[in-house]
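Inspection log for the structure reproduced underneath, given as structure tokens.
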Amino acid sequence: MTALLIIIVAALLGITIWQISKIFKLSQPIESDDSQIATNKDNENQGKLFLVFIVFFYGLMLYSFWSLSKFYAPAASDHAEDYDQLFFISVALIMFVQVITQFMLHWFAFKYRGQKGRKAIFYADNDKLEFIWTIIPVITLSALIIYGLFSWSEIMNVEETDETLVVEIYAYQFAWRARYSGEDRTLGEANVRFIEGINQLGVSETDPYAKDDIITTVLHLPVDRPVLFKFRSQDVLHSAYFPFFRSQMNVVPGMTTQFGFTPTTTSKEIRNSDYMVDKVRNINEIRENNDNLGPDEKSYEFEYYLLCNKICGVSHYNMQMKIVVETEEEYQKWISEQQTFGELTAQN
């Protein structure tokens, strides 16, 4: 109801301004110039406004870079440094071209503003200029694409070794589940057609490799150990997003997608970093002043989370799974305490 009232008020305000502008126009003296043709004064004013706007635009841009840079999340995976470097190179190139072209656009709008008696020169084409501004973007984009392909290949083509941890991430509206291979280091067969009762992931109960699989609602990862993720979706298209690990992959119904990374920063380490300590303090100060939060909700502590980055339904916003990055010893202790799929099905 509030939104509807706001829309109505905004519409009435627009109509009022429109009516006032009509009254103002009708109240002008008869001798006033109401010609639709721009004069030298009009062109002069518009040219100066172009210069004022470009100064304002660059000032706003620099302020945004300065004020918003503090929100750039720290990286916590082995390929994140390469990913961030590619990102910053792309931004630097874009900003270099943008600064030059936007300045020239606004400066030329002022310099070559319309004046009585001035005629525009007809300039058909210039093969040399066409070649220059075609070949330079081609070379630049080719270099970025090749660089990006190497980074993409490193993320996507994970070599499975004895050290590699294989984890299946299962998506459904609106939650995630993680499935670890057991001592046989092989994930059992799974299909949505096998879903029944407590078997929410559709793991085959007849597959011997599935007996020692471990299904959890929290994703635990050992630090400095390569992890290969295999993704399945039960229903619609989801997207597994690991912001601090600089990774994202679509989770597609009917097929398995995958990528991998090596976590480099434990949950405890990132909580104690200067960036996160400052962020958590600011968040808790805001929460303290929020009367809509209960006493237990006012204290915030950072955790890694797996998020869904596709709008997959009404509860998409709440589709997340906690990630705990810990030492190898802590991980082994945790995994040894988990119930296997065989033990789960034997109880029911």
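The values are calculated or read from the model by the stated rules, or taken from the named source; none is laboratory data. Bear in mind that the values here come from a model prediction, so they are computed numbers and not experimental data. Note that each Cβ is placed from the backbone with ideal geometry, even for glycine, and that neighbours are counted across all protein chains shown. Side chains are part of the model used for accessible areas, which takes the heavy atoms of the whole protein and leaves out ligands, DNA and RNA. Shrake-Rupley method; radii C 1.70, N 1.55, O 1.52, S 1.80 Å.
Quick look at the values:
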quantity: Centre separation in Å (Cα based) which lies between region 47-88 and region 109-162; calculated: 20
quantity: Between helix 127-156 and the chain: long-axis angle, C-alpha atoms, 0 to 90°, nearest 10; calculated: 20
quantity: Long-range amide H partners of Val203 with built H, under 5 Å; calculated: Asn191
quantity: 13 Å cut-off, amide nitrogen to a point 7 angstrom out along Phe150 Cα→Cβ, residues in region 60-99; calculated: 82-83, 85-86
quantity: Listed pairs Lys268/Lys322; Lys22/Lys116; Lys41/Lys119; Lys230/Lys310; Lys279/Lys322 exceeding 22 Å between Cα atoms; calculated: Lys22/Lys116
quantity: Overall Cα dimensions of region 165-347 - principal axes, largest extent first, Å; calculated: 55, 39, 32
quantity: Read-out mean projected area of the Cα convex hull in nm², derived from the coordinates shown; its label in [x] 29.2; [y] 22.2; [z] 16.0; calculated: [x]
quantity: Rel. contact order, % - alpha carbon contacts under 8 angstrom, at least six apart, the chain; calculated: 17
quantity: Positive minus negative residues near Pro253 (Lys, Arg vs Asp, Glu; Cβ under 11 Å); calculated: 0
quantity: 0 to 90° range, to nearest 10: angle between helix 274-288 axis and the chain longest Cα axis; calculated: 80
quantity: Cβ-derived FRET efficiency at R0 25 Å, Phe71 paired with Asn290, nearest 0.05; calculated: 0.80
quantity: Proximal aspartates and glutamates to Lys298, defined as alpha-carbon separation beneath 12 angstrom and excluding residues fewer than eight positions away on the same chain; calculated: Glu285, Glu288
quantity: Between 0 and 90°, nearest 10: helix 2-26 axis offset from the chain longest Cα axis; calculated: 10
quantity: Rounded percent of accessible protein surface that carbon and sulfur make up, region 165-347, 1.4 Å probe; calculated: 48
quantity: Accessible surface, the chain, averaged per residue in Å² (probe 1.4 Å); calculated: 67
quantity: Relative packing of 234-240, 249-255, 185-191, which averages over residues the other C-beta atoms within 10 Å, highest first; calculated: 234-240, 185-191, 249-255
quantity: Within the chain, longest stretch clear of exposed chymotrypsin sites (Phe, Trp or Tyr not before Pro) (DSSP loop, no more than 13 other Cβ within 10 Å); calculated: 124-348
quantity: 5 angstrom amide H check on Gly260, placed H, neighbours 5+ away; calculated: Phe229
